[in-house]
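Report on one structure; see the data block that follows.
Just so it is clear, none of the values below were taken in a lab; they were calculated from the coordinates. On a predicted model such as this, the values are computed, not experimentally measured, just so you know. Because the Cβ atoms are built from the backbone with ideal geometry, glycine has one as well, and the counts that use them run over all protein chains shown.
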């Protein structure tokens, strides 16, 4: 944002806006100015929507001056990942195949953002169709990490993370089908949460309808809680939508963590992290002991890597949706995406359903595991951010475009709430994330633990050297 607003939290901005100390129009214009000033360095936006943003900010300001309720977002600026439709705005999905596509409707979370006074300043970049865990695609090119612009911010929600980390907006919404909220948060020094599956409704249906989640990304835990409060809740258009009142995410941030039972797993039983990542995350896990929690090391959480289960379903869904383009115009797509989608489409029906049934068994094993724990902690990723232009880190060259992440996709298979929280920095000054996974429907446990950790080991005052 501008001189006075960059890196201010949403909670701080909202309080000042409601108190009439600052104008939401001023805050939104500053965000738009910062968006433009950093676009060449970061390439975090595919579309800017200044008119949409300023109209919302002016409407919020009018309500505030009249003494009316301006909504939970009160004219504050934020962004939407370019896989979620915003009515009358380009919806390209990071692909040349959809470069001219204009959304005819708002996705349910976008409807809710508008209804609560949010000012949407633009659509953020994504890897093509969300298929890679880094931040580049043939349509928009390379999105860069504010902590080091030679490094990737992670993906597929690359632009969301890069823009929030750079102080353009305090928060953003994006999607997570295999880690796409948590991966870039780990690489970019942010808190981001994938809530319980279908806590935030999806419509139109995702290409990976039983894996995709909508989540919030922010620099602070309470900012993420505020945004998730806005976008969560049932919607009849999503058949999976959770038909229960939205939990009190902000209230959970004030609760004690004393007595929580926590499992710490360096590898989940199969991952290959670097020693530096394990050391940073283990130290952060130990912070919970000082906060009054019981922390137990449980390395073999899983019997085997569930990557094949995830790959079978995720890429088969996207490949089916994209089959006409794959057959007729594959040269406009990312070659890595073509290869992995084609492989998924080549699997037999028997193979596909074998993985579907294995997934149900896996989900039950994970549910039973959490009979003994409130939270599972692990590294979010096995490595810190690596060079742009690569799809896989050099240390893990035997893995594919998503399987190298190891830790995140298992919890899309189970649908459990999972978050990434900043655990510390490498010797090279790159962020490292700690993954927090809760029991089914228990986001409140993540928020209370994350808020306590943030108070014990704050990170939001550390800013990337992008300016």
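For the stretch 20-50 and the stretch 61-76, what is the separation of their C-alpha centers, rounded to whole Å?
20 Å
Using alpha-carbon positions, what is the distance between the centroids of the stretch 287-361 and the stretch 247-283, in Å?
Result: 23 Å between the Cα centres.
Quick check on the exposure proxy: order 270, 315 from fewest to most C-beta atoms within 10 angstrom.
270, 315
Would the stretch 230-336 count as rounded, prolate or oblate if I go by the C-alpha gyration tensor, calling it rounded below 1.5 in a/c and otherwise prolate when a/b exceeds b/c, oblate otherwise?
Cα axes put the stretch 230-336 in the oblate bin.
Using Cβ counts within 10 Å as a stand-in for footprinting exposure, how do 223, 346, 299 rank, fewest first?
Least to most surrounded, the residues fall as 346, 299, 223.
Go ahead and estimate [θ] at 222 nm for the chain from helices alone: -39,500 (n - 2.57) per DSSP H run with n ≥ 4, summed, over the residue count, rounded to 500.
Mean residue ellipticity, 222 nm, calculated: -11000 deg cm²/dmol.
Given axes a ≥ b ≥ c from the Cα gyration tensor, I'd like to know whether the stretch 1-111 is rounded (a/c under 1.5), prolate (a/b larger than b/c) or oblate.
Here the stretch 1-111 falls in the oblate category.
How many nm is it between the label spots at residue 105 and residue 51, if each spot is 7 Å from the Cα in line with the beta carbon?
Here the modelled spin labels are 2.4 nm apart.
For the chain, give me the percentage of DSSP beta bridges that are antiparallel, rounded to the nearest 5 percent.
70 percent
Of 219, 112, how do they rank once you tally other Cβ atoms within 10 Å and put the fewest first?
The order, fewest Cβ neighbours first, is 112, 219.
Could you work out how far the C-alpha centroid of the stretch 414-451 sits from that of the stretch 79-117, in angstrom?
Between the Cα centres of the stretch 414-451 and the stretch 79-117 lies a distance of 27 Å.
At q = 0.10, 0.11 Å⁻¹, what is the base-10 log of I(q)/I(0) for the chain according to the Debye formula with one equal point scatterer per Cα and no solvent? Please give it to two decimals.
Relative scattering, expressed as log10 I(q)/I(0), comes to -0.64, -0.79.
Taking 0.36 nm per residue of sequence separation and subtracting the Cα-Cα distance, how much length would be gained by fully extending the chain between residue 254 and residue 371, in nm to one decimal?
Length difference between fully extended and current span is 39.7 nm.
What is the extension gain from residue 68 to residue 15, computed as 0.36 nm multiplied by their sequence separation minus the C-alpha to C-alpha distance, in nm to one decimal?
Length gained, residue 68 through residue 15: 17.6 nm.
Compute the relative contact order of the chain as a whole-number percentage, counting only Cα pairs closer than 8 Å that sit 6 or more residues apart in sequence.
Reported relative contact order: 17 percent.
Quick check: from the Cα gyration tensor, does the stretch 125-255 come out rounded (a/c under 1.5), prolate or oblate?
Oblate.
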